[in-house]
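Laboratory data are not the source of any read-out in this text; all were calculated from the coordinates shown. Please read all numbers here as calculations on a predicted model, not as lab measurements. Note: ideal-geometry Cβ built from the backbone for every residue, glycine included; neighbour counts use all protein chains shown.
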Amino acid sequence: SSTSSPTSFKFSDLEVQQCKPNEMAPKPDPNNLVFGHHFADHMLEIPWNADQGWGKPVICPVHNFSFHPAAKVFHYAVELFEGMKAYRGYDQKVRLFRPDCNMERMRSTAIRSSLPDFDGDEMIKCIQKLVSVDKEWVPHSTTSTLYLRPTFIGTEPSLGVSVSREALLYVISGPVGPYYPTGFKPVHLLADPKYVRAWEGGCGAYKMGANYAPTINIQLEALEKHHCQQVLWLYGPEHQLTEVGTMNIFMFWVNEQGERELVTPPLDTGIILPGVTRRSLIDLARKWGDIKVSERTFNMKDVTKALNENRLLELFGAGTACVVCPVEKIIYQGDDLHIPTMKDGAPITMKLYQELTDIQYAKTPSDWMVEV
Ligand code: PMP
């Protein structure tokens, strides 16, 4: 009804509380940035409660929170997040990459988490302002970025698995260095079908914290027992390939029909996170017109058969952090499968990396980029 609380916060209500000069942190050494360890000076905060709806967005100095120990987030993992970046282009202008896609995913995850919906365009305007307030934190480099972490938590201070009547949406950010300072670093994967990341009817298509906590232990096992940097997540009796660590997976091969095909698992089963990078690489490769691009399931039998017949050309992960991540080995049921991704210098993986980063750093103009 017209008297109900507004369905979104508004950028026009945004209040900015700038740090005092003495509160501003020194910028870290740009050649020594550890992901997730450095934070820009300001954050964005937007409170919500069931009675009054959305409050005013505020940009303020980064500060600690104080919540009651019964807050829903601490017990039932009522939490979700996003990962996106601000890029300083060759022309020195700072831009976001397809923020509308991140907001679409964030809103769908919020609904699945019983957290309130909001207007994605209003949120993008608030994020643009946050980045412009901390513009000097966007590295002066066409290989580094300012990583943005929009986060949404249920904060109602009461036990009981039920809708959180209080919530907080916030965004923090921090500079991150080049993912490949010395060229592509291909990874080894552990593919153990006894572990499953997501399942049909579950929440794999949503970016909620609850999907990530249980993967840490498996990642550790992959690293410590098998010296693998990432986990290859399989699914179902046929051992479908679904994702690599926190990346979508792509395979470039000559398929059973003899066609050169770039293939990635489909979104319709609900077990794959709809990656912004995934969607963008599919669009770029479709524009080339010289290879087939398919969203369909493929399994470990397809991989081993194609390997034996020399039809597997490249395998790589795709995500915001690295853009693309070449795979050179999979440990599967006691066998080392050697993937020839780097044999000819990973031509398709490299071409996608170059085309996408040229867009992100504004060497190639694109309406995917949104200036702050
Ligand atoms: N899959 C999972 C499970 C992820 O966490 C991510 C990172 N958000 C991705 C894929 C890649 O998504 P994006 O390209 O939007 O970073």
Phi angles of region 265-282, converted by Karplus (6.51 cos²θ - 1.76 cosθ + 1.60, θ = phi - 60°) into ³J(HN,Hα) in whole Hz with x for Gly and Pro, give x, x, 8, 5, 7, x, 9, 10, 6, x, x, 6, 5, 3, 4, 6, 5, 4
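Based only on the alpha carbon positions, what is the Kirkwood hydrodynamic radius of region 173-220, in angstrom?
Numbers: mean 1/r = 0.0716 Å⁻¹.
After inverting the pairwise mean of 1/r, the radius is 14.0 Å.
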Exposure-ranked with fewest Cβ neighbours within 10 Å first, C228, C325, C203 stand as C203, C228, C325
For region 103-153, the Cα-Cα pair-distance distribution in 5 Å bins from 0, as whole percents, is 5, 17, 23, 19, 15, 12, 7, 2
So, with points 7 Å from each Cα along the Cβ direction, the S162-A210 label distance in nm works out to 1.7
In whole angstrom, largest first, the equivalent ellipsoid semi-axes that the Cα gyration tensor gives for region 26-86 are 28, 16, 12
Expressed in µm² per second, the diffusion coefficient of region 326-371 from the Stokes-Einstein equation, with Rh the Kirkwood radius over alpha carbon pairs, at 10 °C and 1.306 mPa s, is 124
Computed on Cα atoms, Rg of region 1-136 relative to 2.2 N^0.38 Å comes out at 1.17
Placing each pseudo-label 7 Å from Cα in the direction of the beta carbon, D117 and E309 end up separated by a distance in nanometres of 4.7
If each part is reduced to its alpha-carbon centroid, region 47-86 and region 123-187 end up apart, in Å, by 13
Within the chain, excluding any chymotrypsin sites (Phe, Trp or Tyr not before Pro) found in a DSSP loop (not H, G, I, E or B) and having at most 12 other Cβ atoms within 10 Å, the longest uninterrupted segment runs 91-372
Counting sequence-distant residues (5 or more places) and residues on other chains, those with an amide H built under 5 Å from that of W199 are G204
Largest fluctuation, S66, S173, S132 only, Gaussian network model of the chain with Cα springs under 10 angstrom, belongs to S66
Most fluctuating of M208, M350, M251 in the GNM of the chain (C-alpha, under 10 Å) is M350
Over all pairs of different Cα atoms in region 268-372, the reciprocal of the mean inverse distance gives a Kirkwood radius in Å of 15.5
Karplus ³J(HN,Hα) for region 242-253 (6.51 cos²θ - 1.76 cosθ + 1.60, θ = phi - 60°; Hz, whole; x = Gly/Pro) runs 10, 8, 10, x, 10, 9, 6, 10, 10, 10, 10, 8
Semi-axes of region 185-319 from the Cα gyration tensor (sqrt of 5 times each eigenvalue, largest first, whole Å) come to 24, 18, 14
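Contact order normalised by length for the chain, with contacts defined as Cα pairs under 8 Å and 6 or more residues apart; what percent is it?
17
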Here the gain from full extension of T182 to S132, 0.36 nm per residue of separation minus their alpha-carbon distance, amounts to 15.0 nm
Hull surface over four for the Cα convex hull of region 105-188, reported in nm², is 8.7
On the formula 1/(1 + (r/R0)^6), with r taken between the Cβ atoms of N255 and D13 and R0 of 45 Å, the FRET efficiency rounded to 0.05 is 0.25
dims of the chain, Cα set, principal axes, largest to smallest, nearest Å -> 64, 50, 42
Shape descriptor, region 174-252: equivalent ellipsoid semi-axes (Cα gyration tensor, sqrt 5λ, whole Å, largest first) stand at 22, 16, 14
Which of L241, L315, L307 fluctuates most in a GNM of the chain (C-alpha springs under 10 Å)? That residue is L307
Region 293-372 and region 234-282 have their Cα centres apart by a whole-number Å value of 10
Phi angles of region 38-44, converted by Karplus (6.51 cos²θ - 1.76 cosθ + 1.60, θ = phi - 60°) into ³J(HN,Hα) in whole Hz with x for Gly and Pro, give 10, 10, 5, 6, 10, 9, 10
Here P(r) for region 72-145, Cα-Cα distances in 5 Å bins, as whole percents, is 3, 14, 22, 19, 16, 13, 8, 4, 1, 0
For region 73-183, the charge dipole (Cβ of Lys, Arg +1; Cβ of Asp, Glu -1; about the Cα centre) points to a positive end, and the Cα of V131, P175, M106 closest to that extreme belongs to P175
Going fewest to most other Cβ atoms within 10 Å around each Cβ, T341, T109 line up as T109, T341
Given Cβ charges of +1 for Lys and Arg and -1 for Asp and Glu, the option among L189, P214, H75 whose Cα lies farthest towards the positive end of the dipole of the chain is L189
Counted neighbours (other Cβ, 10 Å), sorted fewest up, put M24, M123 in the order M24, M123
Once normalised by the length of region 150-260, the mean sequence separation of its alpha carbon contacts under 8 Å that are 6 or more apart gives a contact order in percent of 20
Per DSSP, the loop-located trypsin sites (Lys or Arg not before Pro) within region 184-289 having at most 11 other beta carbons within 10 Å are K194
With a ≥ b ≥ c from the Cα gyration tensor eigenvalues, square-rooted, and the rule rounded for a/c under 1.5, otherwise prolate when a/b > b/c and oblate otherwise, region 135-231 is oblate
Placing each pseudo-label 7 Å from Cα in the direction of the beta carbon, H75 and D367 end up separated by a distance in nanometres of 4.8
